[in-house]
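The next block holds one structure in the form of structure tokens; read it before the comments.
The values are calculated or read from the model by the stated rules, or taken from the named source; none is laboratory data. Just so it is clear, the model here is predicted, and its values are computed rather than measured. Cβ placement follows ideal geometry from the backbone for every residue including glycine, while neighbour counts extend to all protein chains displayed. The area values use the complete protein model at the heavy-atom level, side chains included, leaving out ligands, DNA and RNA. Shrake-Rupley method; radii C 1.70, N 1.55, O 1.52, S 1.80 Å.
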Amino acid sequence: MKLVIIFGPHAVGKMTVGQQLCKITDLELFHNHMTIEPVCGLFKNHPAERSRLTELFRREIFEAFVKTDEPGMVFTFMWALDQQADWDYIAGIEQLFLSHGAEVYYVELEADYDIRIDRNKTENRLNNKPSKRNIEWSEGMFRRIEEKYRLNSLPGEINKPHYLRINNTDLSAEAAAERIKEYFHL
């Protein structure tokens with residue numbers, strides 16, 4: 001079994017690259033909004049409950065998945081690299097998969113800010129992430145998150161045996177997925 005964690009900042013293309021990677025491999029996509037969207041509308045005024053349920057759903061899915069004979073999963077995540085809680089969260093997922101004999105791969109995406117602002121409005125993103133359809137709200141959240149957290153790593157910060165960083169500012173999702181597949185021999 002393989003776990004490919006694709007991480008990076010807001011609207012960098014994590015889900016879209018993950019979709020393309022799944023098309024050319026036997027991996028399944030589990031993008032972070034698959035657990036965010038079901039609770040967004042129900043708990044608009046209760047962020048702690050939204051967060052709790054999102055994490056509960058993810059954990060249950062991960063724990064069930066590692067017990068199957070599925071070939072693997074692509075998981076997307078916006079990792080606040082300046083937050084120890086996010087490091088701990090990723091380490092927990094990694095350990096769960098490793099403890100079941102899986103191989104874990106890390107793909108960090110980076111792209112220019114203005115490109116990501118444009119990508120925040122793409123049809124694919126809005127179709128798969130209904131909570132992003134209010135563009136004014138979504139761009140406001142984008143800017144607040146960018147100011148509050150560091151969402152790309154510092155040189156040498158990610159010390160994993162299977163790690164790849166891709167600047168996809170001028171790279172299509174298909175080309176990025178091919179690069180990932182080839183680099184990790186997926």
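What the table below lists for this structure:
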{"read-out": "Which of Ala64, Gly18, Asn127, positive extreme of dipole for the chain (C-beta unit charges)", "value": "Asn127"}
{"read-out": "Mean Cα-pair separation over length for the stretch 7-68, i.e. relative contact order, pairs under 8 Å, 6 or more apart, %", "value": "20"}
{"read-out": "Mean residue ellipticity (222 nm) of the chain, computed from DSSP H runs ≥ 4 via -39,500 (n - 2.57), nearest 500", "value": "-15000 deg cm²/dmol"}
{"read-out": "Nearby aspartates and glutamates by direct alpha-carbon distance to Lys2 (threshold 18 angstrom, same-chain neighbours under 8 apart not counted)", "value": "Asp26, Glu28, Glu60, Glu63, Asp69, Glu70, Glu94, Glu103, Glu108, Glu178, Glu182"}
{"read-out": "Charge context of Lys160, other residues only, Cβ under 13 angstrom, K/R +1, D/E -1", "value": "-3"}
{"read-out": "Positive minus negative residues near His185 (Lys, Arg vs Asp, Glu; Cβ under 15 Å)", "value": "-1"}
{"read-out": "The stretch 108-186-the stretch 28-58 distance, computed between alpha-carbon centres (Å)", "value": "20"}
{"read-out": "Length gained when the stretch Met78-Glu174 is fully extended (0.36 nm per residue, less Cα-Cα span)", "value": "32.5 nm"}
{"read-out": "Point-charge dipole on Cβ atoms (K/R +1, D/E -1) for the stretch 87-183, about Cα centre, debye to 20", "value": "340"}
{"read-out": "Extension gain from His100 to Trp137, taking 0.36 nm per residue of separation minus the Cα-Cα distance", "value": "9.3 nm"}
{"read-out": "Relative contact order (%) - the stretch 62-174, alpha-carbon pairs under 8 angstrom, separation at least six", "value": "39"}
{"read-out": "Modelled FRET efficiency - R0 25 Å, Thr68 with Lys160, Cβ distances, 0.05 increments", "value": "0.55"}
{"read-out": "Cα-Cα over 32 Å, subset of Lys44/Lys67; Lys23/Lys121; Lys67/Lys160", "value": "Lys44/Lys67"}
{"read-out": "Residue-normalised accessible area of the chain, expressed per residue, 1.4 Å probe, Å²", "value": "51"}
